[in-house]
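For reference, the structure is listed below as structure tokens.
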Amino acid sequence: MKQWNAQRVASAAGASLIVAPEDAGGPERAIVDSRQAGPGDLFVGLPGASADGGEFAAPALAAGAWGVLVRPEYAEVAAAAHSGVVLGADDPLASLQALATAWRRQLGARTIGVTGSTGKTSTKDLLSALLTPHRRTVASRANFNTEIGLPLEILAAPAETEVLVLEMGMRGSGQIADLAAIAEPDVGLIVSIGPVHLELLGSIEAIAAAKAELIAALPGGGTAIVPAGERLLEPHLRSDIHTITFGDGGDVRMLAGHGEQVVIEAQGERIALEVPFTQAHLRSNLLAAVAAARAVGVQPSGRVDLVLSPGRGDRMSLPGGVTVIDDCYNANPMSMRAALTDLADTAARAGGLRRIAVLGDMLELGERERDYHAELAGAAGAAEVDVLVTVGPLAAAIGEGFDGEAHAVSDAAQAATIVPELLREGDVVLVKASRGVGLELVCAALGARATA
């Protein structure tokens, strides 16, 4: 946005321009945390449950921010206290979103919206890796997939951006539609449909409908990318857009995979890639990413330099040949089963080493939450887990049906104490739960062994 002056920023945001120094130029990005404020920043003060971000407008300007966008009562105070651009708006969040949409249109970048019950972040990471060698690409950071985070990512994109890859998260109906209205995607990618957020949405059909809001938001002639054979999405497909399916029997499918070498057939064309992973769920996500890359005119090739977002299956090596699979960022029944398969495959490739699963509560699963946990006992058994540690009252149900060594603890702090004591040389350890359980404490405790 550096090319835009204060008046143009105000107009795009639907805000009032209260103060504008003559040499202000334009901002480089927008922020919502005044503690991050510095030169080139537009601080947007959002109303919160206990305080209004507008109260921090003056400190943001004092820290050198390019300007502030706050409610009118705070704008007047900020204008009197410090120099800098001051914008006033009754609804700063709506203004932030409008500004993001205006900047997305100015960029003219091809825009890919990515959502799904599981795998959307790793698919976004894969897309970034596929696209970056060929196009100037900006992909959203972890967590920046909400009505606040998504516009911040758009506004951080430099003027030369050619492709935007925007992750879209949701907890309820209408939220994907709102995000798509801001981003105006050309391509909509739905990675998966599964039992997530049932507490609010109530049924798997409602989940599919909420994710399909991304399809509804596409322009005529746009592209929807969906899993092959996903019947829950069939009622939401459109005849005026291109639909590409991925997975077994789909338009984009895996032909062969040997170690890090994979061969993919994409709508009749063969693509050979070298990938730094062998996990089945990542290979499925790779198919989705290849379909999306081709939809914006990029033919993937060569080495895929994937860098996963933290907590999405990262490997950590500890003394004594111990391997930790850090997948603690989030969890649901689908991703839990995929992670247990990954644990089994990793241990098998390493020579049949002992398998330890640290599994915490899966949240927001609604009335059947205990059943979903209990059903994972069979998946843990099928993965030949040697030691199971459950964390939280819901996860305890996994241990009740598990026929093997099991330990139940109430919280992450207790797990961080017990798990390091259970380790033996050569163990492979999976750590996974919903974000609210906080199992990063376990990964930190294990990591401390590597530096001790």
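Values in this text are rule-based calculations from the coordinates and carry no lab data. What you see is a predicted model; the values in this text were computed from it and never measured. Positions of Cβ are backbone-derived with ideal geometry, glycine not excepted, and every protein chain shown enters the neighbour counts.
Once backbone amide H atoms are built at 1.01 Å from N, R136 has E162, V163 as its partners under 5 Å, excluding neighbours fewer than 5 places away on the same chain.
Quick check: from the Cα gyration tensor, does the range 217-281 come out rounded (a/c under 1.5), prolate or oblate? Walk me through the numbers before you get to the answer.
Details: a/c = 2.67, a/b = 2.11, b/c = 1.27.
Taking the square roots of the gyration eigenvalues as a ≥ b ≥ c, the range 217-281 is prolate.
Relative to the longest principal axis of the Cα atoms of the chain, the long axis of helix 440-451 makes an angle of roughly 70 degrees. With respect to the chain, whose longest principal axis is taken over its alpha-carbon atoms, helix 412-422 is tilted by about 40°.
Report, for the range 6-92, the % of DSSP beta bridges that are antiparallel, rounded to 5.
Working: 4 of 14 bridges.
Here the share of antiparallel DSSP bridges comes out near 30 percent.
The ratio of the alpha-carbon radius of gyration of the range 346-441 to the globular-protein estimate 2.2 N^0.38 Å is 1.03.
The residues D91, D327, when put in order of fewest to most other Cβ atoms within 10 Å, stand as D91, D327.
Counted over the chain, the DSSP beta bridges are approximately 30% antiparallel.
Rounded if a/c is under 1.5, else prolate if a/b is larger than b/c, else oblate: which is the chain, with a ≥ b ≥ c the root eigenvalues of its Cα gyration tensor? Walk me through the intermediate numbers first.
Details: a/c = 1.94, a/b = 1.46, b/c = 1.33.
Judged from the Cα gyration tensor, the chain comes out prolate (a/c at least 1.5, a/b above b/c).
Residue by residue, the range 280-289 carries 3J(HN,Hα) couplings of 4, 5, 6, 5, 5, 5, 4, 4, 4, 5 Hz when phi is fed to the Karplus relation 6.51 cos²θ - 1.76 cosθ + 1.60 (θ = phi - 60°); x denotes Gly or Pro.
Of E425, E153, how do they rank once you tally other Cβ atoms within 10 Å and put the fewest first? Mind showing how you got there, number by number?
Numbers: E425 11, E153 22.
In order of increasing Cβ crowding within 10 Å: E425, E153.
Evaluating 6.51 cos²θ - 1.76 cosθ + 1.60 at θ = phi - 60° for every residue in the range 174-182, the Karplus couplings come out as x, 6, 5, 4, 5, 5, 5, 5, 6 Hz, glycine and proline recorded as x.
State the antiparallel share, in %, of DSSP beta bridges confined to the range 108-303, rounding to the nearest 5.
Working: 12 of 35 bridges.
The antiparallel proportion sits near 35 percent.
Between G366, Q261, A350, the Cα set farthest toward the positive side of the dipole of the range 259-403 (charges on each charged residue's Cβ, about the Cα centre) is that of Q261. For the chain, the number of Lys pairs separated by eight or more positions or lying on different chains, with C-alpha atoms closer than 25 Å, is 5. Close amide H partners of T243, meaning residues 5 or more places away or on another chain with modelled amide H under 5 Å apart, are A224.
The residues M170, M316, M254, when put in order of fewest to most other Cβ atoms within 10 Å, stand as M316, M254, M170.
Per-residue ellipticity at 222 nm computed for the chain from its helices equals -10000 deg cm²/dmol, with DSSP H segments shorter than 4 residues left out and the rest contributing -39,500 (n - 2.57). Remark: the range 108-303 carries a charge dipole of roughly 320 debye about the Cα centre, counting +1 on each Lys and Arg Cβ and -1 on each Asp and Glu Cβ.
When only C-alpha pairs under 8 Å and at least 6 residues apart count, what is the relative contact order of the chain, in percent? Walk me through the numbers before you get to the answer.
Values: 1039 pairs, mean separation 48.9, N = 452.
Contact order relative to length: 11 percent.
Computed from backbone phi, the HN-Hα couplings of the range 97-107 come to 5, 5, 5, 5, 4, 4, 5, 4, 5, 4, 4 Hz, rounded to whole numbers (Karplus: 6.51 cos²θ - 1.76 cosθ + 1.60, θ = phi - 60°; Gly and Pro given as x). Amide H to amide H distances under 5 Å link I31 with L42, F43, V44, where only residues 5 or more positions off or on other chains count and H is placed in the peptide plane.
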